[in-house]
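Just so it is clear, none of the values below were taken in a lab; they were calculated from the coordinates. Values in this document were obtained by computation on a predicted structure and should not be read as measured data. Ideal geometry is used to build each Cβ from the backbone, glycine not excepted, and the neighbour counts take in all protein chains shown.
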Amino acid sequence: MINPRNILLVLVGSAIGGLLRFISSYLIQQKLGDRFPSGTFAVNLIGCFFIGIIFSLAAKNAQGANDMKLLLATGFCGGFTTFSAFAIENLELFKSGNHLTALTYILLSITLGIIATFAGTLMFK
């Protein structure tokens, strides 16, 4: 449900996650060089690890689980990296037996995402 409390939880989590993504990605990239996008790569993996922890803890703790998911999964991980949301959605699809849907989602997201990015760059070239 969208209410002021839920909006505030997502807003605070997103602000913190976005700031930490910026700092972490920058520091990692500076440390490892620019031959590979290691900052983004590391942030995506860290975000996936965190969202896995958050969903596991939320499943064990029904009381406060929604607030935890809003603040930490939707907010923090969403601000830190949307790749973590993509990963948890696919994991849930695989766990529920929807393998074809998961594979289709993965393939379409990556392929069409790259195509859409390319199209966007062409618009203002």
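Which FRET efficiency value, to the nearest 0.05, is calculated for N66 and T111 with the Förster distance at 25 angstrom and r the Cβ-Cβ distance? For R0 = 25 Å, the calculated efficiency reads 0.15. The Cβ shell under 14 Å around I53 holds other residues with a net charge of +2, Lys and Arg each +1, Asp and Glu each -1.
Counting every other Cβ atom within 10 Å of each residue's Cβ, R35, R5 order from fewest to most as R35, R5. Inter-label distance, M1 to L45: 4.1 nm, where each label sits 7 Å from its Cα along the C-beta direction. Only Lys, Arg, Asp and Glu carry charge here, each on its Cβ (+1 for the first two, -1 for the last two); on that basis region 4-123 has a dipole of about 180 debye about its Cα centre. For region 4-123, just say rounded, prolate or oblate: build the C-alpha gyration tensor, square-root its eigenvalues into a ≥ b ≥ c, call rounded for a/c under 1.5, and beyond that prolate if a/b exceeds b/c, oblate if not. Oblate is the answer for region 4-123, as a/c is 1.5 or above yet b/c matches or exceeds a/b. Projecting the Cα positions of V43, I88, L100 onto the charge dipole of the chain (unit charges on Cβ atoms of Lys, Arg, Asp and Glu, taken about the Cα centre) puts V43 furthest along the positive direction. For K69, the lysines whose Cα comes closer than 30 Å to its Cα, not counting residues fewer than 8 places off in the same chain, are K60, K95. Computed from the alpha carbon positions, the gyration tensor of region 61-125 leads to an equivalent ellipsoid with semi-axes of 28, 19, 6 Å, biggest first. Relative to the longest principal axis of the Cα atoms of the chain, helix 99-123 runs at roughly 50 degrees.
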